[in-house]
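*Asks:* One structure, as structure tokens, below. Some questions next.
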Amino acid sequence: MTDTNVTTFEREAGFGDYVALLKPRVMSLVVFTALVGLLVAPVAVHPVVALSSIVFIAVGAGASGALNMWWDADIDAVMRRTSRRPIPAGRVAPDEALAIGVALSGLSVTLLALAANLLAAGLLAFTIFFYAVVYSMWLKRWTPQNIVIGGAAGAFPPVIGWAVATGGVSVEAVLMFALIFMWTPPHFWALALFMRGDYDAAGVPMLTVTHGRRVTRNHILAYTVLLVPVALGLGLTGIGGPVYLATALVMNALFLSGAVTVWRRDETAAEADGYRAEKRLFRVSLYYLFAHFSALLADAVLRAYVPGLW
Amino acid sequence: MAIKAEHEIHRRRLSRNVGVGLVLAAFVVLMFGLSVVKIKSLGATQGFDHVVRPEMIETAQ
């Protein structure tokens, strides 16, 4: 009896464990990009409706995070970076994570439909399905292109934000989607180049493991080259402006030069300086997305308060 | 005899209960605010069933 009680006590989760289950760092990126998508749209939204919609989108993202952690608990336990997550650490039971994920998915989609519109809710439902089922269950353990296709799930939030405001999807929303979609592979592969060992141990087919690091470097450059016209093209649409175009020029030059540097190196050179160029490219990629979406927001503010500037 | 022993598990449960309580309270406030905005955006409605009544708009004009 005593043994049973001790086990029960150790498994009991604190509030922070449930928050961790919803992947708050991913959620913050989702909130930011969805908010920008909503605010740059040419249709004004009541602040309470906007706040509610962003909260429901964030809850939906959290729900898909919980479902992902439920499904991936076995590989999370093997990888150093994820071994302290609530399920592998034994603080949240797998069934509990599944229940939370399913319940929050249903709640967030239903409430977004009521707060905004059916299209936004449908896109949120598709995003949760894409991340939890298509990416986590099908692609992640099956193909080294997992990051590429799975990146679509992370690219949807600004489209959902745009749909909340306009009730539709247009070229601006598609280009915001494409920006995140094309950015994701070089971002993750730069990380995979210097986080060696972790994915090998878990048996996840990352490009670095299945096709080697030379091929990964080629892929990083190819995707970065394809990313540049998408980023600059977004600046020529109705939501672009001087701030965005200036930011896009600077950030794409930095990202492209970083990708070329990483492409020209081999493993010997990378190991010699502790993967400095790869780490720098990863850091630039973090600023890259944040800068682009902040610039879109800045131009929207300028358009609203300084008429005739653009 | 009252049980007073404080175990680490009690602190964890308290944190969880307070956290869930605050989240639910915030959810209630959000839903109330959203309801007010949605109902007001309907225009001329009557309070007992919140249904739009065009005849009220004509009367107002």
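*Asks:* Which order do A:THR33, A:THR237 fall in if you start with the one that has the fewest other Cβ atoms within 10 Å? List each step's numbers first, then the result.
*Replies:* Values: A:THR33 28, A:THR237 15.
Listing A:THR33, A:THR237 from fewest to most nearby Cβ atoms yields A:THR237, A:THR33.
*Asks:* Using only the C-alpha atoms of the range A:258-305, find the volume of their convex hull and express it per residue in Å³.
*Replies:* Details: hull volume 2.8 nm³, N = 48.
Spelled out: Cα convex hull of the range A:258-305, divided by residues, is 58 Å³.
*Asks:* Taking just the alpha carbons, could you work out the radius of gyration and Dmax for the range A:1-169, both in angstroms?
*Replies:* 17.2, 64
*Asks:* I would also like to ask the following. Just for the Cα atoms in the range A:25-104, what are the lengths along the principal axes, largest first, rounded to whole Å?
*Replies:* Taking max minus min along each principal axis of the Cα atoms, the range A:25-104 gives 47, 25, 15 Å.
*Asks:* Can you tell me the FRET efficiency between A:LEU256 and A:GLU12 if r is taken as the Cβ-Cβ distance and R0 is 51 Å, rounded to the nearest 0.05? Provide the component values of the computation, followed by the final result.
*Replies:* Working: r = 50 Å, r/R0 = 0.98.
Given R0 = 51 Å and the Cβ-Cβ separation, E is 0.50.
*Asks:* Where does the range A:173-250 land on Rg/Rh, using Cα atoms and the Kirkwood Rh? Mind dumping the intermediate values first?
*Replies:* On the way: Rg = 15.4 Å, Rh = 13.9 Å.
Value, to two decimals: 1.11.
*Asks:* Restricting the calculation to Cα positions, tell me the Rg (one decimal) and the Dmax (whole number) of the protein assembly as shown in Å.
*Replies:* Answer for the protein assembly as shown, Rg first and Dmax second: 23.8, 83 Å.
*Asks:* Let me ask you something else. Counting only complete DSSP H runs, which helices of chain A cover 20 Å or more along their long axis at the Cα atoms and score a mean Kyte-Doolittle of 1.0 or above? Walk me through the numbers on the way to the answer.
*Replies:* Working: long enough: A:24-40 (24 Å, 2.04); A:47-71 (36 Å, 1.46); A:94-115 (31 Å, 1.50); A:171-194 (36 Å, 1.58); A:212-235 (35 Å, 0.76); A:242-264 (33 Å, 1.28); A:276-305 (43 Å, 0.43).
Once both thresholds are applied, what remains is A:24-40, A:47-71, A:94-115, A:171-194, A:242-264.
*Asks:* What FRET efficiency comes out for B:VAL23 versus A:ASP95 if R0 is 22 angstrom and r is the Cβ-Cβ distance? Round to the nearest 0.05. Display every interim value, and only then the final one.
*Replies:* Working: r = 21 Å, r/R0 = 0.95.
Approximately 0.55, to the nearest 0.05.
We did not get these values from a lab; they are worked out from the coordinates using the rules stated. Treat the numbers as computed from the prediction; the structure is a model and nothing was measured. Backbone-built Cβ (ideal geometry, glycine too); neighbour counts: all protein chains shown.
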